[in-house]
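Undergrad: After the structure tokens below, expect a handful of questions from me.
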Amino acid sequence: MAPKRNNMIPNGHFHKQWQNYVKTWFNQPARKKRRHAHRVAKARRVFPRPTQALRPIVRCPTFRYNTRVRAGKGFSLEELKAAKIPKRFAPTIGIAVDHRRRNKSVESLQLNSQRLKVYRSKVILFPRNAKKPMKADSTEEEMKLAQQITGPVMPIKTIVKKEKARVITDDDKKFSPYAVLRTARTTRNLDGIRAKRAKEAAEDPESAKAAKEKAAKAKLKTKKK
């Protein structure tokens with residue numbers, strides 16, 4: 001708003017020492033070069049092992065992003081158990097482990113356990129002692145075929161299935177997603193009380209019938225009002 005009445009004319013000095021507050025980013029190209037040098041040095045240091053660990057497939061949090069999948073922190077103990085891989089042995093062969101993760105669905109458990117099995121079948125284990133190879137170690141022919149993976153191990157690919165165009169039927173026109181969701185929500189909320197009433201009706205049919213008639217009369221009175 002414009003100043004009112006006979007006051008001093010605004011003459012603020014708000015640009016003093018502005019050079020001290022300017023942030024420059026001239027070291028960005030050098031940092032890029034340094035990060036690349038560190039990646040190359042790490043790849044040489046860990047050769048022939050992969051530069052990154054195997055990560056599980058997880059879903060993004062919240063309702064908005066739950067349809068998307070991404071790489072998680074580590075495999076849960078249940079997934080390792082399903083794939084028959086010891087939890088202390090897994091990190092030694094390049095598998096990330098997260099003991100805090102829990103599997104809330106059978107689908108995620110099966111998906112990641114299958115991912116572990118595929119990785120285990122492809123991985124080539126070099127013996128710690130070449131003179132005394134262990135039973136789980138790979139043969140000399142397999143070790144010759146080993147190649148280092150410098151990027152993500154078994155990268156996650158999002159498959160998008162497109163719905164084919166079709167004629168809208170009468171059933172589609174009559175279908176109401178809102179009604180279906182509402183019915184499902186009501187069924188879930190009333191599941192406990194319905195199970196309790198069914199149990200009471202099985203134990204004492206007469207008292208259950210009387211309670212049902214009483215509830216029907218009360219409902220009829222409320223409608224008349």
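Undergrad: Residue check: is residue 219 exposed (fewer than 10 other Cβ atoms within 10 Å of the Cβ) and either in contact with a helix residue (DSSP H, G or I) (Cβ under 6 Å, 6 or more places away or on another chain) or within 30 Å of residue 68 (Cα to Cα) (or both)?
TA: No; evaluated as a whole, the condition is false for this residue.
Undergrad: Next up: Would you point out which residue out of 9, 85 is of a type in the set (A, V, I, L, M, F, W, C), in a loop (DSSP other than H, G, I, E, B), under 29 Å from residue 151 (Cβ atoms) and free of Cβ contacts under 8 Å to residues at least 60 places away in the same chain?
TA: Result: 85 is the single residue among 9, 85 that is of a type in the set (A, V, I, L, M, F, W, C), in a loop (DSSP other than H, G, I, E, B), under 29 Å from residue 151 (Cβ atoms) and free of Cβ contacts under 8 Å to residues at least 60 places away in the same chain.
Undergrad: Confirm whether residue 32 is in a helix (DSSP H, G or I) and at pLDDT 85 or above.
TA: Criteria met by residue 32.
Undergrad: Name the residue that is nearest to the chain's Cα centre (by Cα), counting only residues in the stretch 103-140 that are crowded, with 16+ Cβ neighbours inside 10 Å and of a type in the set (Lys, Arg).
TA: Applying the filter and picking the extreme gives 115.
Undergrad: Another question, then. Restricting to the stretch 87-102, and then to whatever is closer than 18 Å to residue 126 by Cα and of a type in the set (Gly, Ala, Ser), can you tell me which residue is least open to solvent (accessible area, probe 1.4 Å)?
TA: 90
Undergrad: Which one is farthest from residue 124 (Cα to Cα), of the residues in the stretch 51-70 that are open to solvent by 50 Å² or more (accessible area, probe 1.4 Å) and in contact (Cβ under 8 Å) with a residue 12 or more places away in the chain?
TA: Per the criteria, the residue is 68.
Undergrad: Tally time: how many residues in the stretch 156-175 are without any contact (Cβ under 8 Å) to a residue 24 or more places away in the chain, loosely packed, with under 10 Cβ neighbours inside 10 Å and either under 18 Å from residue 121 (Cβ atoms) or not basic (Lys, Arg) (or both)?
TA: Matching residues across the stretch 156-175 total 10.
Undergrad: It is to be established whether one or more residues within the stretch 15-23 are in a loop (DSSP other than H, G, I, E, B), among the aromatic types (Phe, Trp, Tyr) and modelled with pLDDT under 90.
TA: No.
The values are calculated or read from the model by the stated rules, or taken from the named source; none is laboratory data. Everything numeric in this text was worked out from a predicted model, so none of it was measured. Because the Cβ atoms are built from the backbone with ideal geometry, glycine has one as well, and the counts that use them run over all protein chains shown. Areas reflect the complete protein model, heavy atoms only, side chains present, ligands, DNA and RNA absent. Shrake-Rupley method; radii C 1.70, N 1.55, O 1.52, S 1.80 Å.
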